[in-house]
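Each remark here refers to the structure printed beneath this line.
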Amino acid sequence: MRNYSALLVLVAVFLFSSCEPERVVIESGTAGFDGHHVGYSWAGEANGVPFEESGAFIETILELDEDANILTARVRYWQLVDGYWTTRQSGNAHVTVDFSRTPTPATVGTNYQAGQSMFSIYTANQMSFWAVAVADDGTVAATIVEPLTRYRFEMKFPGDFDFRTEMSELTLGSGLVVPTVRTAGGAWLTPGSWEDLENRHLFELHRYSYVMNDTGVFSEVDGRSSVRAFLQAMGVEFAGDTPISMDPEYGYFGIGGWRGNYEQIERYLVGRNARSVDSLVDWVPDRFNSAINEQNQFGVDVPTGATRTVQNSVDGIAGATVRMSRESTSYQRALVDAGILNESDVIIGRF
């Protein structure tokens, strides 16, 4: 047990310290446009938690010219994991596979219980995550964190599997793809039972499933693609019809998980004038505006018909598919640091 604990400590050091920039809180400088300006939002702020005591915060750093044009933008989500500060978008992970295990489905609903998984995954966040490995006998273990349910879907193929099989045949009812572990709450799609989705496959689970292959590693893969093409997109090589042994590999599909989301925000901002972009969210729609209370807190006192979150994966607020109110708070505070907004203008998002 002591050796196992030591291994976890070493893994944590590798993931959350050696590959990360040093966590530095930048002090606010003299108000003005030219230069770097920083803003923060943090978990628990709306409930009175001080910044110094929070275990997660978002940092926005803007470089402006003298006319407030945005020259560069940096958005980072910092979180405390096992005593180490890391960014949610770091992408670092430690993955191991137990080929002796057979994946079994999780129990959904109020009595959620994880199923049996082949994978042990240690990382800050699993949004858009995929991993694959091949045993010496050609057995393939693959997993994808399906974005709408936020469950880890696992596949185990023996070396003599017919890899010409189309992905559309890998329905939830086929037993060839198994939702084993819920990686996060707040999913867009929350089935009452897996039988509700038994005739659907990974790339057509919902009308928004296109986010998996609209761009990125699976951009050439869909329901008509072969399982072989799907595995090759993740780096699996074949000798004839048999997969070649490989250690676990992992990555992030679509725009690239949290890193891709925040890069989208940064690209949206660069080249615009900060005085004309006073928020990352358009607060005019009543469903958003009516959810802001007298303390300028969003999503705390929510009337009927309003919303607690600004998560718009369809329209892509500020160029990203990410819950935006907390990121907007951090951005607005950078504008306060630049003298463009006052603190009283800042809307405290739901963190």
Checklist entry - Which one is surrounded by the most Cβ atoms within 10 Å (Cβ to Cβ), of the residues in the range 201-223 that are outside any loop (DSSP other than H, G, I, E, B) and hydrophobic (A, V, I, L, M, F, W, C)? => result 212
Next on the checklist: With the requirement that a residue be surrounded by fewer than 18 Cβ atoms within 10 Å (Cβ to Cβ) and part of a loop (DSSP other than H, G, I, E, B), what does the range 224-276 give you?
Outcome noted: 224, 235, 237, 240, 241, 244, 245, 270, 271, 272, 275, 276
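Here is a yes/no grid of residues against (1) touching a residue at least 60 places away in the same chain (Cβ under 8 Å); (2) closer than 25 Å to residue 220 by Cα; (3) assigned by TED's automatic domain parsing to the domain that holds residue 42:
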site	(1), (2), (3)
80	no, no, yes
109	yes, no, no
124	yes, no, no
127	yes, yes, no
152	no, yes, no
161	yes, yes, no
178	yes, yes, no
182	yes, no, no
Checklist entry - Does residue 117 satisfy the criteria of being crowded, with 20+ Cβ neighbours inside 10 Å and polar (S, T, N, Q)? => result yes
Next on the checklist: Quick check on my filter: what residues within the range 303-351 are β-branched (Val, Ile, Thr), in a helix (DSSP H, G or I) and at pLDDT below 90?
Outcome noted: 317
Checklist entry - Which of the residues that make up the range 202-255 are of a type in the set (A, V, I, L, M), out of contact with any strand residue (DSSP E or B) (no Cβ under 8 Å at 6 or more places or on another chain) and either more than 16 Å from residue 130 (Cα to Cα) or modelled with pLDDT of 95 or more (or both)? => result 205, 221, 229, 233, 239
Checklist entry - Filtering the range 59-73 down to residues that are surrounded by fewer than 15 Cβ atoms within 10 Å (Cβ to Cβ) and of a type outside the set (Asp, Glu), which residue is nearest to the chain's Cα centre (by Cα)? => result 72
Checklist entry - Looking at (1) modelled with pLDDT of 95 or more; (2) of a type outside the set (Ser, Thr, Tyr); (3) more than 18 Å from residue 234 (Cα to Cα), which is the one condition that is false for residue 95? => result (3)
Next on the checklist: Conditions first: (1) part of a loop (DSSP other than H, G, I, E, B); (2) under 17 Å from the mean Cα position of the chain (by Cα). Residue 160 passes all but one, so which condition is the exception?
Outcome noted: (2)
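The values are calculated or read from the model by the stated rules, or taken from the named source; none is laboratory data. Quick caveat, the model's predicted, so the values are computed rather than measured. Positions of Cβ are backbone-derived with ideal geometry, glycine not excepted, and every protein chain shown enters the neighbour counts.
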